[in-house]
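The values are calculated or read from the model by the stated rules, or taken from the named source; none is laboratory data. What you see is a predicted model; the values in this text were computed from it and never measured. No Cβ is skipped: glycine too gets one built from the backbone with ideal geometry, and neighbour counts run over all protein chains shown.
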Amino acid sequence: MKKQVTWIWILLCILLFAACEKPVLENYDGGKKTGKGKDKLTRVVRIRPTELRVETIDEPLETKGQLLSRGMTDNEKGKKRLYAVNVYEKKPNDEGYSMYAYGLFTNPSKIAVKMNVENLYKVECLIVEEGADKLYSSDEGYSAPLTHGAKKATKAKNSFVFSKEENFNEIKKGETKIADARTILYPRLVKLYGNFEGFSPKATKDLTVDMKRTVFGLRFKVTPPDEGKLVIDYVGWRIALDSTSPAYDDMATYSFYNIEKACQDGYQSTVEVKIVWTKADGTVEQESKQLTLKRNVMTVVDIKVEGPKARNIMFKEEAAEMTTENVDWRLTL
């Protein structure tokens, strides 16, 4: 009898212990699902921004198809590469996507976010690689185009902020605040943009976002004027030379203003290049030209200004003899 009572107590203890314990189900990739019916299975998805190989029949800028997590070369040291990522979520009964998370990263291996396997997600990313221009930053963080919410500066924390109210809302705009605190439309740096819509974390825990360059190249070769001063204005930038200046030859990579359109194959935009030549005598000559800029193509502009050619000067001498005119000036002092 005592043995039966003992076994009964043991069984009761086991049942009570099982009833108190919350079962946890583990999926194969580390996601968790609790015993509560309202909880959903989630998994951490790694986002991989990858640059596509660019091919063009024109003279292309140097590009290589590669994962943008490569180490910096000696020439790139001191220049930052930043990844601004927006994540949107769409639940089964929702008509559209809503804000879910955003983050600014310097280390692409840290770009990972928890997702619900029952929902769909949209991801967009802007990569900014500093070039001749560097991004403006302060204690508050980075400014345009890396501001969030009501144009608030953003710090690169290599982690996501979960928010349904704000994210990076200016990454598709051209305005960029550079190190000297100026905001310009065509910065001399590289921007890459890409997005992916309809991603389901149920099938995989890796998402590759194809990133495409939104840039053009310009090389100016300018012969100094024979006299006076020459000023060339283009896309917010200026070249100024005088007769004592050496020959000018410089090239740079610029980002287009319309980021979303500029990542499309064959994109091009027309801009005005204006020349003002102020001669030594104060005469001002002006000329302008519409220049077509092509995505991922280096355009070489060769400029030389010349005045009118010197002409022979002939003198005609008067043949008549000089006449004489007498002036009588009599003074009585």
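Key figures for this structure:
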item	result
Subset tally (residues that are small (Gly, Ala, Ser) and either touching a Cys at 6+ places or on another chain (Cβ under 9 Å) or assigned by TED's automatic domain parsing to the domain that holds GLU51 (or both)) for segment 264-299	0
Residue list for segment 244-285, filter: at pLDDT below 95, more than 19 Å from the chain's Cα centre (by Cα) and assigned to a loop (DSSP other than H, G, I, E, B)	LYS279, ALA280, ASP281, GLY282, THR283
Unique residue being of a type in the set (Asp, Glu), touching a Ser or Thr at 6+ places or on another chain (Cβ under 7 Å) and farther than 17 Å from ASN86 by Cβ when the list is GLU170, GLU175, GLU129	GLU175
Residues satisfying the stated conditions in segment 98-118, i.e. of a type outside the set (Val, Ile, Thr), outside any strand (DSSP E or B) and crowded, with 18+ Cβ neighbours inside 10 Å	PRO108
Candidate set: segment 144-172, residues that are among the small types (Gly, Ala, Ser) and in contact with a Lys or Arg (Cβ under 9 Å, 6 or more places away or on another chain); chosen: the one surrounded by the most Cβ atoms within 10 Å (Cβ to Cβ)	ALA144
Looking only at segment 247-281, and only at residues there that are surrounded by 17 or more Cβ atoms within 10 Å (Cβ to Cβ) and of a type in the set (S, T, N, Q), the one that is nearest to VAL305 (Cα to Cα)	THR278
Criterion violated by GLU175 - all others in (1) surrounded by fewer than 21 Cβ atoms within 10 Å (Cβ to Cβ); (2) at pLDDT 95 or above; (3) under 23 Å from ALA112 (Cα atoms) satisfied	(3)
Sole exception among (1) touching a residue at least 40 places away in the same chain (Cβ under 8 Å); (2) among the aliphatic types (A, V, I, L, M); (3) farther than 30 Å from ASP250 by Cβ for VAL128, by number	(3)
Within segment 155-173, tally of residues that are closer than 19 Å to ASN195 by Cβ and under 19 Å from the mean Cα position of the chain (by Cα)	7
Filter pass, GLU124 being surrounded by 20 or more Cβ atoms within 10 Å (Cβ to Cβ), modelled with pLDDT of 95 or more, charged (D, E, K, R) and under 20 Å from ARG213 (Cβ atoms)	yes
Pair list, Cβ < 7 Å and 6+ apart or interchain, from segment 88-102 residues that are assigned by TED's automatic domain parsing to the domain that holds TYR121 to residues that are acidic (Asp, Glu) and in a strand (DSSP E or B)	TYR97/GLU89; SER98/GLU89; TYR100/GLU89
